[in-house]
Amino acid sequence: MNDKEKVPRKSTLRGFLGGRWVAIFLVLEIVFFMFKSQGFATVNSAQILLFYGTQVFLLAVAELFVVVTGGIDLSVGYILGFASIISIKIVDALVAAGLSVPASILAGTVATLVIGLVPGLVNGWLVAWLRVPPFIATFSMLGVCHGVSELVINGVYAMGMPQLAADIGNGNLLYKAPHLPFIFFRRPEVERGTPVLALIPNIVVAAAIVILIFAFVLRRTRFGRHLYAIGGSMDAAVRAGIPVRRRILQVYALSSFLASLAGVTYAFMYVSGKADAGASLLLDAIAAVMIGGASMFGGTGTVGRTMIGALVLAVLDLGLRMAGIATFDKYILVGAILVLAVIAARYLPEAQHPVSEDRK
Amino acid sequence: MNENASGYLLETREIVKRFGGLTAVDRVSVGVRPGEVLALVGDNGAGKSTLIKLISGVYKPDEGSLLVQGSDAHIESPRDALEAGIETIYQDLALAENLDVGANIFLGRERIKRRLGLFRVLDDAAMAEEAKSVLDRLDIRIPSLRSVIRTLSGGQRQAVAISRSIYWKAKVLVMDEPTAALGIAEQRKVLDLVRTLRDQGIGVIVISHQMYDVFEVADRIAVMRRGQLVGERLVRATDPDEIVGLIVGSETVTKR
């Protein structure tokens, strides 16, 4: 109402870097490894990076949704493990019961995703209705999922996924052998030793579709807007009539759903299920969200930037490996980048909400 | 008998709210008529804020009822209150600081459009346009509607909060300390805005500590002390001394 009041001015450089430094960092990182690691800048290593990153990408999106509301979900890693186990157990049981293999795989996947909602619904109920802090609620759920998983597999690991699942999980969309046209889905029958170019892993395509849908939901729907409002100001959201408790329940359920999906992709890729399959991925997922610029206090963060954060980690991991540098150096670097990201988020502030900015 | 003989747009009847052993609001009956400004005054902890939270659906009353235009309003949540035409502007304004002006005006009631006849997506363009028109109507200038609330001044934030209420065609507007955080010029503008709203037939309830504001803008004053309503006066039939006396509960200045 006072015309003379000014929006705080940012210097142009800081304003420019505010939303972009992570992307710039990623590019520099890739350029660095192009010189440092033999064979890093190839289609093949890009595919490897995406293929083995699938679970972290999915968990990072799960974590982002919860973080946007100002919460945190520590249980996603062990929900992944739980889902990897039960998907195999269910498929195995269905095949044993005489159902066809494709039908068993389909039914097992759907059943796992439905069961996979349960831990999230419990988390959401604890957080929204019983007001248990998200850290505590999901930390407890981590333990419960771990314990139940070990009980199901009796402390070893789950096996028995049919070969078809492994073919899907490790297959590609396109294949190209010399002197033959492109073939979809099926590896061409050629002499042993003939180089076959395999392009676009199936699992990566599936994950990409799901991630794009979640990006759309967060950015363009009323539901997504409500999550930002809840994270920005819980009071404002309540008073604006947003069904805050229902939204929080839904967000933990979605997180759990994505973690279960990641568990199913794990079972398809590795044809085994382990309780701790996703244990070490939790920290990567949280780190990706934070490097992507989301505040742990909620209200900020986008799927696109979270994916850039996840790629920063994936490139670092693969690049160091290919350069023959020990992996524990990676942990130190990840720690350093994480701190850098949080400092950058503080000193390179954005005048606009990332969502509005991206849409301009 | 006419249920609404008093002509109140909104009234509380014997409303009670307890927090554990503390009775924050104790059998309060108070109302506001269309085109009237009711000032709600009282010392800190007198129960004013609790009362307006009851009115706006944030708290559920333990006893008593809330009537809109003479009939029971069944307000159980903030959404019910909004649907009954009761808009509340809190002291902290209740804006989502991470969202832009348009998003805040439409918070919880977002405009949507259909994409491909299937997906319901936010219609940000329409929301920004409507936000601009309501701000223009109130002669409020904000550098960019894409600015997030965090970057705006106190006065601009207050303006956004008021615009939001007006946009949604409030019947009753409740304002908690609307001028507390503002500079002099902005205070005057907010008081002008309150008078404009009253002239449009809206019932306005204002909580204020500023005796000047109260006498400047209110038609009637309700005084609360320790959760109870201790007096109601028409502004033209009282003076600041008497109101202060009622607020602090001093016998010597209580004349009536």
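A:GLY193 - would you say it is surrounded by 15 or more Cβ atoms within 10 Å (Cβ to Cβ) and without any contact (Cβ under 8 Å) to a residue 12 or more places away in the chain?
Values: surrounded by 15 or more Cβ atoms within 10 Å (Cβ to Cβ): no; without any contact (Cβ under 8 Å) to a residue 12 or more places away in the chain: yes.
When the stated conditions are applied, A:GLY193 does not pass them.
Is there a residue in the stretch A:302-315 that is within 14 Å of another protein chain (Cβ to nearest Cβ), in contact with an Asp or Glu (Cβ under 9 Å, 6 or more places away or on another chain) and without any contact (Cβ under 8 Å) to a residue 60 or more places away in the chain? Can you show your working first?
Initially, the stretch A:302-315 is screened for residues within 14 Å of another protein chain (Cβ to nearest Cβ), giving A:302.
After this cut, where a residue has to be in contact with an Asp or Glu (Cβ under 9 Å, 6 or more places away or on another chain) as well, the list is A:302.
Next, from what is left, pick out any that are without any contact (Cβ under 8 Å) to a residue 60 or more places away in the chain: none.
There is no residue in the stretch A:302-315 that is within 14 Å of another protein chain (Cβ to nearest Cβ), in contact with an Asp or Glu (Cβ under 9 Å, 6 or more places away or on another chain) and without any contact (Cβ under 8 Å) to a residue 60 or more places away in the chain.
Of everything in the stretch A:227-238, what is surrounded by 22 or more Cβ atoms within 10 Å (Cβ to Cβ), over 20 Å from the mean Cα position of the chain (by Cα) and more than 8 Å from chain B (Cβ to nearest Cβ)? Give them in sequence order.
A:ILE230
For B:LEU182, all conditions in the list (1) out of contact with any Asp or Glu (no Cβ under 8 Å at 6 or more places or on another chain); (2) in contact (Cβ under 8 Å) with a residue 40 or more places away in the chain; (3) within 14 Å of chain A (Cβ to nearest Cβ) hold save one; what is the number of the exception?
B:LEU182 satisfies all of (1) out of contact with any Asp or Glu (no Cβ under 8 Å at 6 or more places or on another chain); (2) in contact (Cβ under 8 Å) with a residue 40 or more places away in the chain; (3) within 14 Å of chain A (Cβ to nearest Cβ) except (2).
Can you pull out the residues in the stretch B:89-111 that are touching a strand residue (DSSP E or B) at 6+ places or on another chain (Cβ under 6 Å) and modelled with pLDDT under 90?
Within the stretch B:89-111, B:ILE89, B:TYR90, B:GLN91 meet the criteria.
Scan the stretch A:125-134 and tell me whether some residue there is closer than 16 Å to A:GLN55 by Cβ and not hydrophobic (A, V, I, L, M, F, W, C). Break it down into steps so the answer makes sense when it comes.
So the first thing to find is which residues in the stretch A:125-134 are closer than 16 Å to A:GLN55 by Cβ, and the list is none.
Within the stretch A:125-134, none of the residues are closer than 16 Å to A:GLN55 by Cβ and not hydrophobic (A, V, I, L, M, F, W, C).
Which pairs turn up if I take residues in the stretch B:39-65 that are within 14 Å of chain A (Cβ to nearest Cβ) and in a loop (DSSP other than H, G, I, E, B) and look for partners that are surrounded by fewer than 20 Cβ atoms within 10 Å (Cβ to Cβ) and not aliphatic (A, V, I, L, M) with beta carbon separation below 8 Å, at least 6 apart in sequence or on another chain?
Qualifying pairs under 8 Å: B:GLY57/B:GLU76; B:GLY57/B:SER77; B:GLY57/B:ARG79; B:GLY57/B:ASP80; B:LYS60/B:GLU76.
I'm checking my understanding of the structure. Among residues of the stretch B:155-183 that are of a type in the set (Ser, Thr, Tyr) and in a helix (DSSP H, G or I), which one is surrounded by the fewest Cβ atoms within 10 Å (Cβ to Cβ)? Talk me through it step by step, then tell me what you get.
Residues of the stretch B:155-183 of a type in the set (Ser, Thr, Tyr): B:163, B:165, B:167, B:179.
With in a helix (DSSP H, G or I) added as a condition, the list becomes B:163, B:165, B:167.
Numbers: B:SER163: 24, B:SER165: 22, B:TYR167: 19.
So, considering only residues that are of a type in the set (Ser, Thr, Tyr) and in a helix (DSSP H, G or I), the one surrounded by the fewest Cβ atoms within 10 Å (Cβ to Cβ) is B:TYR167.
Which numbered condition in (1) in a loop (DSSP other than H, G, I, E, B); (2) more than 14 Å from every other protein chain (Cβ to nearest Cβ); (3) at pLDDT below 90 is the only one that A:VAL342 fails?
Failing condition for A:VAL342: (1).
Mind counting the residues in the stretch B:120-154 that are assigned to a strand (DSSP E or B) and more than 8 Å from every other protein chain (Cβ to nearest Cβ)? Reasoning before the result, please.
Step one: of the stretch B:120-154, the residues assigned to a strand (DSSP E or B) are B:120-122, B:148.
Then keep just the ones that are more than 8 Å from every other protein chain (Cβ to nearest Cβ); that gives none.
The number of residues fulfilling the criteria is 0.
Please enumerate the residues belonging to the stretch A:113-156 that are buried (at least 19 other Cβ atoms within 10 Å of the Cβ) and not in a helix (DSSP H, G or I).
A:GLY116 - this is the single residue of the stretch A:113-156 that is buried (at least 19 other Cβ atoms within 10 Å of the Cβ) and not in a helix (DSSP H, G or I).
Determine whether the stretch B:155-165 contains at least one residue that is at the interface with chain A (Cβ under 9 Å from one of its Cβ atoms), in contact with a Gly (Cβ under 9 Å, 6 or more places away or on another chain) and under 28 Å from B:VAL58 (Cα atoms).
yes
If A:GLY241 passes every condition in (1) away from chain B (no Cβ under 14 Å); (2) part of a loop (DSSP other than H, G, I, E, B) but one, which one does it miss?
Result: A:GLY241 fails condition (1) only.
Go through the residues of the stretch B:87-103 one by one and say whether even a single one is surrounded by fewer than 18 Cβ atoms within 10 Å (Cβ to Cβ) and in contact (Cβ under 8 Å) with a residue 60 or more places away in the chain.
In the first step, residues of the stretch B:87-103 are kept if they are surrounded by fewer than 18 Cβ atoms within 10 Å (Cβ to Cβ); the result is B:91-92, B:97.
Applying the additional criterion that residues be in contact (Cβ under 8 Å) with a residue 60 or more places away in the chain yields B:91.
The answer is yes, given that some residue of the stretch B:87-103 is surrounded by fewer than 18 Cβ atoms within 10 Å (Cβ to Cβ) and in contact (Cβ under 8 Å) with a residue 60 or more places away in the chain.
Within the stretch A:96-110, is even one residue in a helix (DSSP H, G or I), of a type in the set (A, V, I, L, M) and closer than 30 Å to A:ALA287 by Cβ?
We begin by selecting, within the stretch A:96-110, every residue in a helix (DSSP H, G or I); these are A:96, A:101-110.
Filter once more, keeping what is of a type in the set (A, V, I, L, M): A:96, A:101, A:103, A:105-107, A:110.
When the remaining residues are screened for being closer than 30 Å to A:ALA287 by Cβ, the result is none.
Within the stretch A:96-110, none of the residues are in a helix (DSSP H, G or I), of a type in the set (A, V, I, L, M) and closer than 30 Å to A:ALA287 by Cβ.
Given the criteria out of contact with any strand residue (DSSP E or B) (no Cβ under 7 Å at 6 or more places or on another chain) and surrounded by fewer than 19 Cβ atoms within 10 Å (Cβ to Cβ), does B:LYS60 qualify? Give the steps one after another, and end with the answer.
Working: out of contact with any strand residue (DSSP E or B) (no Cβ under 7 Å at 6 or more places or on another chain): yes; surrounded by fewer than 19 Cβ atoms within 10 Å (Cβ to Cβ): yes.
Considered against the rule, which asks whether it is out of contact with any strand residue (DSSP E or B) (no Cβ under 7 Å at 6 or more places or on another chain) and surrounded by fewer than 19 Cβ atoms within 10 Å (Cβ to Cβ), B:LYS60 comes out as yes.
The values are calculated or read from the model by the stated rules, or taken from the named source; none is laboratory data. Quick caveat, the model's predicted, so the values are computed rather than measured. For neighbour counting, all protein chains shown are included, and Cβ atoms are generated from backbone atoms with ideal geometry for every residue, glycine included.
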